[in-house]
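What follows is calculated from the coordinates using simple rules that are stated; it is not laboratory data. Keep in mind the model is a prediction, meaning the values are calculated, not measured. Cβ placement follows ideal geometry from the backbone for every residue including glycine, while neighbour counts extend to all protein chains displayed.
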Amino acid sequence: MTSYTNEPIECPHCEAALEILLSTSCNTFGAEFYTDGFVDGPMYDETSRLQLCPSCGEYFWLEDAMSECSESDSGAGQFRPRSGAVRGPQYEDALRRAVWKSRDQELYVRVRAWWSSNAPYRSQPAESFDLSAQEEANLTRLLDLLDDESPDALIMRAEIYRELGRFEDSLEALGRVSDDRYATAVQRVGALARAMTRTVAPIKPSENEHGQDGGTPR
């Protein structure tokens, strides 16, 4: 199950007192995993580190807001949320506004903007897979930000190469993943790369795919 708690926070920009529905626990039971790392599940819900203030319209990082709140007098019972709940971010907009202050935050925004741009291709097949100039630039920048030391980063790199149509580079990156625990993802992304298929796909092929990923749009 997914558990939540209502937490008072303070916008670091305008100091509005807000309230956030904070996810305290979740799990991946019944979830679908995708080649770009996105997880879609009925009990999977992680609170975004990036939030949008309904009072001033500025994005802020939850870790900054939580620290601001902890330094206020909320502990004495004097904190009263007055501006409503924070709104979820639009990651493409956050990307355009470059809201990050560190490499880690930039990576966070860019990955989620990528997931958002892949959303139309998750639920049903498409006749084509096209990247806008902005989406291609985002993926190219992600390649610069990714650390090649971990299997997760190597698989994500391979997936980015595949979506960019750089299939040989994708297979080369997958060849550097030696941890058998990632074998399913490696095999899936590798099969799609060898089939020269660019679109995002579930890690486990769907029943309407025929042959070796032959039913997946390119």
### In region 131-195, GluC sites (Glu not before Pro) in a DSSP loop with at most 15 other beta-carbon atoms within 10 Å
E149
### Query
Using 1/(1 + (r/R0)^6) with R0 = 25 angstrom and r between the beta carbons of R96 and L143, what's the FRET efficiency to the nearest 0.05?
0.80
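Kindly put M156, M196 in sequence by how many other C-beta atoms sit within 10 Å of each C-beta, fewest to most. Write out the running numbers ahead of the final one.
On the way: M156 23, M196 11.
Final ranking by Cβ density, sparse to dense: M196, M156.
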